[in-house]
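Quick notes on the structure that follows.
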Amino acid sequence: MSKTRLVVGISGASGVVYGARLVEALNAASVEVHLIISKWAREIFKQEMDDSGNWLEKQVAASYDPSNLGAAISSSSYLTDGMVVCPASVKTVSRIASADTSDLISRAADNNLKMGRRLVVCIRETPLSAPCLKNLHKLASYGVIIMPLSPAFYHQPTSIKDLVSFMVGKILDVFQIPNEMFSRWK
């Protein structure tokens, strides 16, 4: 594997714009993206972006149906540099935390866990229930990086795009992908 290869899962939580912008930024950084958009994420795309997300699938190296457990990324022998679930719904967090590999997002996440690859879960829900916090704690104890989609304001954002770019830049930072998505703290 000569270039960075990441799996991106977009699950059915509000904030699919984060996942879409992440894919665009990864493409700009010449990262090979393998994308999974859940059934409910497609519904959220329609609500929040007036589209089903089909345009995003055309921008990646490979796109997978979330029910395709025979996909290449369904196997831990398929080499990747890690995975990001952005946004992550409470249901997806629960599936990953309990090793419920009944869909491709949770199965690919489980592969990253068992192979010791970096896994970033970007929870978007608020407020968080005690069971969700327990699941997030379980994931953190397994080595998962929990990244709530809560942008900072020290860079003086003037648009939603600025807020989204801040979070996408922080995700790229986790994978040590150089970026200038936001003004850094000085």
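Listing for the model above:
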item	result
Reach of Lys186 by Cα under 19 Å, taken over lysines that are not fewer than 8 positions away in the same chain	Lys170
Alpha-carbon centroids, segment 80-104 and segment 107-126: separation in whole Å	6 Å
Cα gyration tensor shape of segment 69-147, rounded if a/c is under 1.5, else prolate or oblate by comparing a/b with b/c	prolate
Order of Asp65, Asp50 under a 10 Å beta carbon neighbour criterion, fewest first	Asp50, Asp65
Highest-fluctuation residue, Pro148, Pro87, Pro131 considered, GNM on the chain with Cα pairs under 10 Å	Pro131
Proximal lysines relative to Lys138, as straight alpha-carbon distance under 17 Å, when same-chain residues fewer than 8 apart are discounted	Lys91, Lys114
At 1.306 mPa s and 10 °C, Stokes D of segment 1-65 from Kirkwood alpha-carbon radius, µm² per second	135 µm²/s
Residues Trp40, Trp55, Trp185, sorted so that the one with the fewest Cβ neighbours within 10 Å comes first	Trp185, Trp55, Trp40
Gaussian network model of the chain, springs between alpha carbon atoms under 10 Å - residue of Ile145, Ile160, Ile73 with greatest fluctuation	Ile160
Positive-end residue of Ser30, Leu128, Gly12, charge dipole of segment 5-174 with Cβ unit charges	Leu128
Where labels lie 7 Å past Cα in the beta-carbon direction, separation of Asp162 and Lys138 in nm	4.0 nm
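Just so you know, all these numbers are worked out from the coordinates, no wet-lab data involved. Keep in mind that this is a model prediction, so the values were computed, not measured. Backbone-built Cβ (ideal geometry, glycine too); neighbour counts: all protein chains shown.
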